[in-house]
Amino acid sequence: MSLRVDVERKLGTFRLQASFAAEVGVTALFGRSGSGKSSLVNVIAGLLKPDRGRVEVEGRVLFDRERGIDVPTARRRIGYVFQEGRLFPHFSVRQNLLYGRFFNGTNERHLQFGLVVELLGLAHLLERRPAALSGGEKQRVAIGRALLASPQVLLMDEPLASLDEHRKGEILQYIERLRDEVRIPIVYVSHTIEEVMRLADTMVLLSEGAVRAVGDPDEIMGRRDLRPMTGKYEPGAVIETRVFAYDEAYDLTTLGFPGGELLVTKVSASIGEPVRVRVRARDVSLALERPTGISILNVLHGRIAEIRPGEGQVADVRIQIGAASLLARITRRSLDQLRIESGMEVYALIKAISLDRHNVGFA
């Protein structure tokens, strides 16, 4: 399943000019406020008509200006989750969910009611009304309603914006499950980079209505030429791991990957379950020899793959560790004092406390 978008739309003095493709998984639209993210998803949904261009899903044309094709929103088979749940207050959770199925407009139902309820943890909420739900629960119901319409694409326009930190963490886990179990493209709008790095397979960077870059989130956020658009964000790396063991005495979890093991703060996942870990560049230190007598629990052996001398006092160093890689941000003074060169063997040091719930999620 794939979504392809190539559109232009003028809105007053603002011009949206965007082209990208989204495959199965999460494609994040990222950019500062006013960059055109919400306008772009409204174009995909059919709520905003482009002046020029084309939108298609798996070869099915939803909009083509030249051919005069403009499929109505209700027939596009696109699910839309807004910042607020927008549930029917007089309906129970069950009725809100079933409304999504009624709204389907097609006999094809690739997600059954029971599966969606289980996927989003809604079984104990089915007879409640929206007034009796928390903000996070409302968003889960809104996501379920959108899924039960059997969409070919799911749009999520800053679905966590109105939630507190605790509720955001709760919903992120469910969105991770959707990413991995619902085999459709998910277009996720956010201006919060932590959400993007945790969820996204692909990032689309928007600035002033135009797509400036498309690709791996780490690569885009690490590019210095894009800093004016991404902001003063520190790069890092994402490692795909699996749960190896738990240390109940200290509330720590051991995660394994082909390059070694990571100790992180406790993860609520089963042994063997895949987990995605984001390691920030500023949390990685380097040593030429394996250190002893230190408090840092994660010491990984690797080889210098790339050195990116920066402006001012810092430099970014990429370390290859098995099939994975880390990025370390160190001072240029340290770079010179340690005489770090490409190909050199080093040890990467990472504090376990830095790998907390904000940087560890289900893969």
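The values are calculated or read from the model by the stated rules, or taken from the named source; none is laboratory data. These numbers were taken from a predicted model, which means no experiment stands behind them. Cβ: placed from backbone, ideal geometry, glycine included. Neighbour counts: every protein chain shown.
Annotation note: Cβ proximity below 6 Å between a residue of the stretch 295-310 that is without any contact (Cβ under 8 Å) to a residue 40 or more places away in the chain and a residue that is assigned to a strand (DSSP E or B) and among the basic types (Lys, Arg) (sequence gap 6+ or interchain) occurs for Ala305/Arg318; Glu306/Arg318.
Can you pull out every residue in the stretch 158-193 that is at pLDDT 90 or above and more than 12 Å from the chain's Cα centre (by Cα)? Result: Ile184, Pro185.
Scanning the stretch 275-308 for residues that are exposed (fewer than 14 other Cβ atoms within 10 Å of the Cβ) and under 22 Å from the mean Cα position of the chain (by Cα) yields a count of 0. A single entry from Ala28, Ala74, Ala18 fulfils the requirement of being small (Gly, Ala, Ser) and within 30 Å of Arg128 (Cβ to Cβ): Ala74.
Listed here are the residues, each with its yes/no results for (1) within 19 Å of the chain's Cα centre (by Cα); (2) assigned to a loop (DSSP other than H, G, I, E, B).
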| site | (1), (2) |
| --- | --- |
| Ala131 | no, no |
| Arg140 | yes, no |
| Pro151 | no, yes |
| Met156 | yes, no |
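Restricting the search to strands (runs of 3 or more DSSP E) fully inside the stretch 1-106 and requiring at least 3 residues that are in contact (Cβ under 8 Å) with a residue 24 or more places away in the chain and surrounded by fewer than 22 Cβ atoms within 10 Å (Cβ to Cβ) gives 3-11, 14-22, 52-57.
So how many residues does the stretch 158-211 have that are among the small types (Gly, Ala, Ser), in a strand (DSSP E or B) and crowded, with 21+ Cβ neighbours inside 10 Å? I'd like the intermediate steps shown before the answer.
Filtering the stretch 158-211 for residues among the small types (Gly, Ala, Ser) gives 161-162, 169, 190, 200, 207, 209-210.
Next, from what is left, pick out any that are in a strand (DSSP E or B): 190, 207, 210.
Adding the requirement that they be crowded, with 21+ Cβ neighbours inside 10 Å leaves 190.
Selection size over the stretch 158-211: 1.
If only residues of the stretch 194-213 that are of a type outside the set (D, E, K, R) and either at pLDDT below 85 or under 14 Å from the mean Cα position of the chain (by Cα) (or both) are counted, the one that is nearest to Val317 (Cα to Cα) is Met197.
Can you tell me how many residues in the stretch 251-267 are more than 15 Å from Ala324 (Cβ to Cβ), touching a residue at least 40 places away in the same chain (Cβ under 8 Å) and either outside any loop (DSSP other than H, G, I, E, B) or of a type in the set (Ser, Thr, Tyr) (or both)?
Applying the first criterion (more than 15 Å from Ala324 (Cβ to Cβ)) to the stretch 251-267 yields 251-254, 263, 265-267.
From what's left, touching a residue at least 40 places away in the same chain (Cβ under 8 Å): 252, 263, 265, 267.
Going one step further and asking which of them are either outside any loop (DSSP other than H, G, I, E, B) or of a type in the set (Ser, Thr, Tyr) (or both), we end up with 252, 263, 265.
Of the residues in the stretch 251-267, 3 are more than 15 Å from Ala324 (Cβ to Cβ), touching a residue at least 40 places away in the same chain (Cβ under 8 Å) and either outside any loop (DSSP other than H, G, I, E, B) or of a type in the set (Ser, Thr, Tyr) (or both).
Looking only at the stretch 297-318, filter to residues that are among the β-branched types (Val, Ile, Thr) and modelled with pLDDT under 95; which one of those is nearest to Asp356 (Cα to Cα)? This residue is Val317.
Candidates in the stretch 228-261 are the residues that are over 14 Å from Pro217 (Cβ atoms) and among the acidic types (Asp, Glu); of these, the one that is modelled with the highest pLDDT is Glu261.
With the requirement that a residue be over 25 Å from the mean Cα position of the chain (by Cα) and not hydroxyl-bearing (Ser, Thr, Tyr), what does the stretch 1-16 give you?
We begin by selecting, within the stretch 1-16, every residue over 25 Å from the mean Cα position of the chain (by Cα); these are 8-15.
Within the stretch 1-16, Glu8, Arg9, Lys10, Leu11, Gly12, Phe14, Arg15 qualify.
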